[in-house]
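The values are calculated or read from the model by the stated rules, or taken from the named source; none is laboratory data. All values reported here derive from a predicted model rather than from experimental measurement. Here the Cβ positions follow ideal geometry from the backbone for every residue, glycine too, while neighbour counts run over all protein chains shown. Heavy atoms of the whole protein, side chains included, go into the accessibility calculation; ligands, DNA and RNA do not. Shrake-Rupley method; radii C 1.70, N 1.55, O 1.52, S 1.80 Å.
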Amino acid sequence: MDTVTVNLGTRSYPIHIGSGVLTALGQLLNQQNFPAGRIGVVTDTHVGKHYREHVTHTLGASGFDPVFIEIPAGEEHKNLTWLAFLYDKLVEGRLERTSPLLALGGGVIGDLTGFAAATFQRGVPFIQVPTTLLAQVDASVGGKTAVNHPAGKNLIGAFYQPRMVAIDVETLKTLPRREFVAGIAEVIKYGVILSPELFLLLEEELSVLLDLNPFLLTCIVKTCCQLKALVVEEDETERDYRAILNFGHTLGHAIESTTDYECFLHGEAVALGMVFAARLSQLRGLCRSTTSERVCRLIKQAGLPVDIPTNLAEERLRKGIETDKKVAGGKVKFVCIEDIGKTRFEFLSAKEIAEHL
Ligand code: NAD
Ligand code: GLY
C-alpha cells in the first residue's frame, strides 16, 4: 500500500492507495485513532450492492459499529432533499460529534457526505473511500464538498478536508466501463496541466491502464493524488492557482448544463472541454500545434469523445459559459496550455471563448 500526505498543518491527512485497502479499512481507522464504536457509512445503491457486506465485516472486526445510509445512485440525488434525508438518518442512528462519517462511493456520495460532515453538529470527522476513478484521482482529495441547487451545480457547499482517504483500486473492477473511461479524462488533465512524465506514461501505457492493471492503476492514482495535494497545499480555497484544475471544465460544464446532464458523463464533457482548450491555446498562439494534437490524440485513444455535437448551438454554449459560477467581472479565468505540463490563465469573455467553437 502507498501513502501520500496532504500537508495542511494540523489538518494534514493521509491518502492510502493500493489493492486490498478496503479489507484493511478498519485497521487503518484504528491506526488513525478514530474512536471505536458507531460510524456513519454513506453509500449509494450501486456501490452498496457490491461492498456493503465487505465493509460491514472489515469495520466490525476492528471494533466499529457501522450505521449504513443508502442514497439512490445518480447526480440527481446530490441535492438538499437527500441531504435532509441524510441528516435525519444521522440523528436516527444516534451519531455523535466524535462519530466519523465515511463516504463510500463516487464523487456524488463524497460531495454530499462531505457537506453533511462539515455541517452535522458543526462538523464531524470525515473519511473518503472513493470507488470511481474520477473520485480516486480528484473528488476525494482537496476538501471541496457540495450539493446542487436548481439554479446551479455545487452551488451550496463548503471546503472541509477529510481526515483520511482510503483508495482501493480493486473497486474499479466493478465500475461500469464508461464510468472508468470518463475518469481517465481527469487523469489526462493532470498530465496536461502539471506533468509531462505522467502524460508520456499515459501515451505509452494506455492499453495497460484500460486493462485495469492494479500496479499501473496504483501508480497513476498515486501520481494524481500527489499532484493534486501539491496544488491544494498551495491554494486550498482556490483564490488563484487551484483554478488550473479547471482545465477543460469551462466548456465541459457548459456542455453538461446545455444538455441537462443527460448526454455526457462529467469526464466525457471535460474531455471535449480539454480538446477545445488545447485548440484555443493553439489558435491564440500560446502552444504549438503538435502540443494540441498530442492532447487530442490521447483523449481519442482513451475512447473519450473529441467532437462537440453539431446540434449544440454556439449561442447556447456561450450562455452556458456565461452562467458558470466562476465568471467574475464578465470574464472567465480560462485555463490555456503553453506546453504539456505548463499552463497559463487567459481572462476571456464568453463571447471570445465561443468564437473558437
Ligand atoms: P458518481 O458518484 O455518480 O458515480 C458514477 C456511477 O458509478 C454511479 O452510478 C455509482 O453508483 C457507480 N459506482 C461508483 N463506484 C462504483 C463501483 N466501484 N462499482 C460499481 N459502480 C460504482 O460519479 P463520479 O463520476 O464518481 O462523480 C461525479 C461527481 O463528483 C459530480 O457530482 C461532481 O460534481 C463531483 N466532483 C467533485 C469534485 C471535488 O473536488 N469535490 C471533483 C470532481 C467531481
Ligand atoms: N476538482 C477541482 C478542485 O478540486 O479544485
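Each of L357, C263, G303 was scored by the projection of its Cα onto the charge dipole of the chain, and the greatest displacement toward the positive side belongs to L357; charges sit on the C-beta of Lys, Arg, Asp and Glu. When Rg and the Kirkwood Rh are both derived from Cα coordinates, the Rg/Rh ratio for region 47-203 amounts to 0.98.
Kindly provide log₁₀ I(q)/I(0) values, in the same order as q = 0.18, 0.28 Å⁻¹, from the Debye equation applied to equal alpha-carbon scatterers of region 1-71. Those come out to -0.79, -1.23, one per q. Compactness check for the chain: Cα Rg over 2.2 N^0.38 Å is 0.96. Amide H contacts under 5 Å for I167: H16, I17, G18, restricted to partners 5 or more places along the chain or on a different chain, H placed in the peptide plane at 1.01 Å from N.
Antiparallel beta bridges, as assigned by DSSP with both residues in region 1-104, represent about 30 percent of the total such bridges. The charge dipole of the chain, taken about its Cα centre with unit charges on the Cβ atoms of Lys, Arg (+1), Asp and Glu (-1) only, comes to about 540 debye.
For the pair region 1-44 / region 197-216, the C-alpha centres are spaced 26 Å from each other. Amide H contacts of G105 (H built 1.01 Å from N, in plane; Pro and chain starts excluded): V129, T131 sit under 5 Å, all sequence-distant by 5 or more or on other chains. The mean accessible area for residues of the chain, using a 1.4 Å probe and ignoring ligands and nucleic acids, is 42 Å² per residue. For region 156-216, the spread of Cα coordinates along the three principal axes comes to 38, 29, 21 Å, biggest extent given first.
Round to a whole number: what % of the accessible area of the chain belongs to carbon and sulfur, probe 1.4 Å? Looking at the chain in its full context, I get 50 percent from C and S. Looking at the chain alone, DSSP beta bridges between its own residues are antiparallel in about 45 percent of cases.
Note on K333 and D65: with the Förster distance fixed at 41 Å, the Cβ-Cβ geometry gives a FRET efficiency of about 0.35.
When only Cα pairs below 8 angstrom with a gap of at least 6 residues are kept, region 1-125 shows a relative contact order of 25 percent. Under 5 Å between amide hydrogens, built in the peptide plane, is the criterion, and for V67 it picks out I39, G40, V41 among residues at least 5 positions away or on other chains. Against the chain, whose longest principal axis comes from its Cα atoms, helix 107-119 is set at around 60 degrees.
You can think of it this way: the chain between R316 and R297 has 4.1 nm of extra reach, that is 0.36 nm per residue less the Cα-Cα gap.
The 3J(HN,Hα) values that the Karplus relation (6.51, -1.76, 1.60; θ = phi - 60°) gives for region 211-223 are, in residue order, 7, 6, 4, x, 5, 5, 4, 4, 4, 6, 4, 4, 4 Hz. Gly and Pro appear as x. Region 233-267 and region 88-150 have Cα centres spaced 20 Å apart.
The relative contact order of region 51-179, computed from alpha carbon pairs under 8 Å that lie at least 6 residues apart in sequence, is 21 percent.
Relative to the longest principal axis of the Cα atoms of the chain, helix 196-210 runs at roughly 70 degrees. The Rg/Rh ratio for region 172-266 is 0.99, where Rg is the radius of gyration of the alpha carbons and Rh is the Kirkwood radius.
Computed per residue of the chain from DSSP H runs no shorter than four, each worth -39500 (n - 2.57), the mean residue ellipticity at 222 nm is -14000 deg cm²/dmol. Measuring against 29 Å, Cα to Cα, the residue pairs K49/K319; K89/K189; K300/K333; K49/K189 contain K49/K319; K89/K189; K49/K189 as the ones spanning a longer distance. If you sort the three axes of the alpha carbon gyration tensor as a ≥ b ≥ c, you get a/c of 1.5 or more for region 32-116 and a/b no higher than b/c, which makes it oblate. Using a cutoff of 8 angstrom between alpha carbon atoms and counting only pairs six or more residues apart, the relative contact order for the chain works out to 15 percent.
Relative to the current alpha-carbon distance between E96 and S289, full extension at 0.36 nm per residue lengthens the span by 63.8 nm.
When you work out D = kT/(6 pi eta Rh) for region 222-271 at 10 °C and 1.306 mPa s, using the Kirkwood radius from C-alpha pairs as Rh and the Stokes-Einstein form, the result is 132 µm²/s.
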